[in-house]
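Every number here is computed from the coordinates shown, using simple stated rules; none is lab data. This one's a predicted model, so the numbers in the text were calculated from it and none came from an experiment. We place every Cβ from the backbone using ideal geometry, glycine too, and count neighbours over all the protein chains shown.
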Amino acid sequence: MPATRYGAFDDFCRDTGSAHSTLPVCNLFSQSPTRGGNGYGGCELTGIPLSGDRYLANLGSILLAFIAILVTLVLLWRSDRKKAAVGRREMQFFLMGYIVIEICEIFTIGWFPLDGAVRRGFSAVHIAAIVATLWILMMNGAVGYQLVDDGTPLSMGLIFGSAAILFIGTGYIALDTGFSWTGYWDDTLTAPNRSYSLYTLYQLVPLVFLFVFFVLETVLVLKVLGEVKPMFYLIGGTLSFALGQIFQYVISVHICNGTNGKINGGLFETFYTLIAVSSRRSVKPQSLREAGQEPNKAPPAMSSAERQDARNH
């Protein structure tokens, strides 16, 4: 048996709602009700009981996901109006990816009543969308350096194409795990649910993407733009995201125990992630094109009196 817990999901699933875990990956394994299981042995997130021994386990996250979708649509509309902003189209890719994540969240960790197979399908899409969307965010951090002209077919194609590869690859592993198409991942279905591939792609790779994005944006804001104010938004968004993860992985079980399973940390993770995404648009308050043109601005037009005075001299 491996000496570390790397790759194991059973403890995470146990502490984030057990049978109604607020981690989509937990819906893929045999202990999940989506595959006829009875949970992971932790505090059961029950939420609101329904008929037929069913539960609307995470109504708070469902409502917040709807709000997140509406807020993101507003952000998309506002970004579409900023015609001169660098990376506008690339940023819209990120926002659309976040909308996909929130739609999936309603049916995966929100536990909206669904057939088990359908929920597993949504869970696979959810996991793949998280990986691909965080990749797009990291690529957005590089767009500001103008290595490739933003908004061009080349820039859009590189970002979309690479994100699609990650989405398809991650999605296939998650689907094959959840539906046992080939049986290759079946040894991950039972405790300790050790899936090195999903653990790396779902737990670690997005954190690497976020770290690289933070570094790229920090250098861009401080060195290229020479501004400080956007760093408050960048740091605030990063801290908000981190706080959401703390609620999800650390505090969740204590909230669940304290409320007798009515809510857990998944609700707060959804909320703080929304705050983090909303703060992203404020990192670059003016476009790089505008900043780059400032040294070459034409002098202000002279009045007629000033022109006459110039002729006299």
**Request:** Mean Kyte-Doolittle of at least 0.0 plus a Cα span of 24 Å or more along the axis: flag which DSSP H helices in the chain meet both, please.
**Result:** 59-81, 88-108, 116-143, 153-179, 229-246
**Complete:** Distance in Å, no decimals, from the C-alpha centre of the range 1-60 to the one of the range 207-278 is 23 Å
**Fill in**
Contact order relative to length for the chain, counting C-alpha pairs under 8 Å separated by 6 or more residues, stands in percent at 23 percent
**Simple Cβ-charge dipole of the range 10-293, Lys/Arg +1 and Asp/Glu -1, about Cα centre, in debye nearest 20** = 840 debye
**Prompt:** 222 nm [θ] for the chain, helices only, -39500 (n - 2.57) per DSSP H run of 4+, per residue, to 500?
**Reply:** -18500 deg cm²/dmol
**Asked** Can you pull out the cysteines in the chain that have no other Cys Cβ under 4.7 Å?
**Response** 104
**Request:** May I ask which residue of 95, 243, 253 lies farthest towards the positive end of the charge dipole of the chain, with charges of +1 (Lys, Arg) and -1 (Asp, Glu) on Cβ and the Cα centre as origin?
**Result:** 95
**Asked** Points 7 angstrom from Cα along the Cβ direction at residue 115 and residue 246: gap in nanometres?
**Response** 4.3 nm
**Fill in**
The answer for chymotrypsin sites (Phe, Trp or Tyr not before Pro) in the range 131-176 that fall in a DSSP coil and have at most 16 neighbouring Cβ atoms within 10 Å is 145
**Fill in**
Highest mean packing first, using Cβ neighbours within 10 angstrom, the peptides 58-65, 24-31 sort as 24-31, 58-65
